[in-house]
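Report on one structure; see the data block that follows.
Just so you know, all these numbers are worked out from the coordinates, no wet-lab data involved. Since we're looking at a predicted model, the values are computed, not measured. Here the Cβ is made from the backbone with ideal geometry for all residues, glycine too, and neighbour counts use every protein chain on show.
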Amino acid sequence: MTAGTAVKELTAMDLFDLYLQEDIGEGDITSQALVDDRDGLAIITSQQKGVLAGMEEAVEVFRRTGCQCITLAKDGEQVTDGQKVLEVRGPLKGILAGERLALNFIMRMSGIATLTDQVVVSCRKVNPNVIIAATRKTTPGFRRFEKKAVRLGGGDPHRFGLDDAFLIKDNHLTVVGSVFRAVRKAQAHSFGKKVEVEVETLEQAQEAARASADIIMLDNMTPPQAKECYVAIKAIDQKITVEVSGGISPKNAKGYAMYADVISMGALTHSASASSFSLHIVE
């Protein structure tokens, strides 16, 4: 079994066990010392406006600590400050054991979903059809949940891993020697995978279009440069998807939206602030 296969077979369910083991270790010594075996009720509440994400994961965490949950809001919904989103019933020790991990899921994923939603809304005011996509700039071991949060925010997860599609980058081009040759070599390797190529100049963009790349990524260009390349690519082949990336932030993304089919941003995952949620035991 290759390392890649092993990771693919590590399911989300396996990850929950790893995350709980990381946090609990040999046991919650504080709760063991202070809390008896009574059952209780806890409420998770949003402390800011945003898009909710991570609820399914939080429920799974508490299930594994012996608790039952009632969801008061769903993943992908807009929530407000002070809104109750989850009831947790069960052993008080179980509630406390799962508290931090469940909140980590909700806060991290909601932060990503909220930022994604903000960028999508902003850019679609300019281009209603533009796709806002994530990148592989994710937290090791947490990628599937961050990518899911992007989708819940209205974005596209893009590639999950290197085996999803060809993405020919500058270092590949250095090795191969030309855009045209790199695209054709990828096409010959597999007919079932899309071929995307990253370009940095108008000449490279035109070369990639003439080689019939499926997607052309305009890397680290200004909006005027991206517009020039977009027009040139579409003049060669309207069906080619044009993606802009590199140096894109929530603040400047809107400036690229008119001349892009896809805007990909590492900021959606590596720079999203965690949303604020709290858990309080009420009985």
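A few remarks follow.
- Residues Thr80, Thr45, ranked from the fewest to the most other C-beta atoms within 10 Å, line up as Thr80, Thr45.
- Those residues of the stretch 194-219 whose amide nitrogen sits under 18 Å from the label point placed on Asn171, 7 Å along Cα→Cβ: 196-200, 219
- Distance between modelled label sites at Glu283 and Arg38, nm, 7 Å Cα→Cβ extension: 1.2 nm
- Mean ellipticity per residue at 222 nm, deg cm²/dmol - from DSSP H runs of n ≥ 4 across the chain, formula -39500 (n - 2.57): -13500 deg cm²/dmol
- Between Ile29 and Thr80, the simple spin-label model (points 7 angstrom out along Cα→Cβ) gives 4.5 nm.
- Estimated distance in nm for a label pair at Asn252 and Lys193, the labels positioned 7 Å out from Cα along Cα-to-Cβ: 3.1 nm
- When each of Lys169/Lys234; Lys148/Lys193; Lys193/Lys254; Lys194/Lys239; Lys125/Lys254; Lys49/Lys125 is checked by Cα-Cα distance, pairs over 19 Å: Lys169/Lys234; Lys148/Lys193; Lys193/Lys254; Lys49/Lys125
- The chain - Rg and Dmax from Cα coordinates, angstrom: 22.5, 72
- Relative exposure of Leu162, Leu218, judged by other C-beta atoms within 10 Å (fewest first): Leu162, Leu218
- Seen against the Cα atoms of the chain and their longest principal axis, helix 179-189 is set at about 60 degrees.
- Packing-based order for 101-108, 249-256, 29-36, 135-142, using average beta carbon neighbours within 10 Å, highest first: 101-108, 249-256, 135-142, 29-36
- Going from the fewest other Cβ atoms within 10 Å to the most, the residues Met221, Met109 appear in the order Met221, Met109.
- Calculated FRET value between Ser271 and Thr201, using beta carbons and R₀ = 25 Å, to 0.05: 0.35
- For the stretch 13-106, trypsin sites (Lys or Arg not before Pro) are listed when DSSP marks them as loop and at most 15 other Cβ atoms sit within 10 Å of their Cβ; the list is Arg38, Lys49, Lys74.
- In the calculated pair-distance distribution of the stretch 221-283, the portion above 16 angstrom amounts to 54 percent of the Cα-Cα pairs.
- Loop-located GluC sites (Glu not before Pro) in the stretch 18-78, at most 16 other Cβ atoms within 10 Å (DSSP): Glu26, Glu77
- When the alpha carbon gyration tensor of the stretch 121-270 is reduced to an equivalent ellipsoid, the three semi-axes, largest first, read 24, 20, 13 Å.
- Mean-position separation - Cα centroids, the stretch 51-78 and the stretch 134-203, in angstrom: 32 Å
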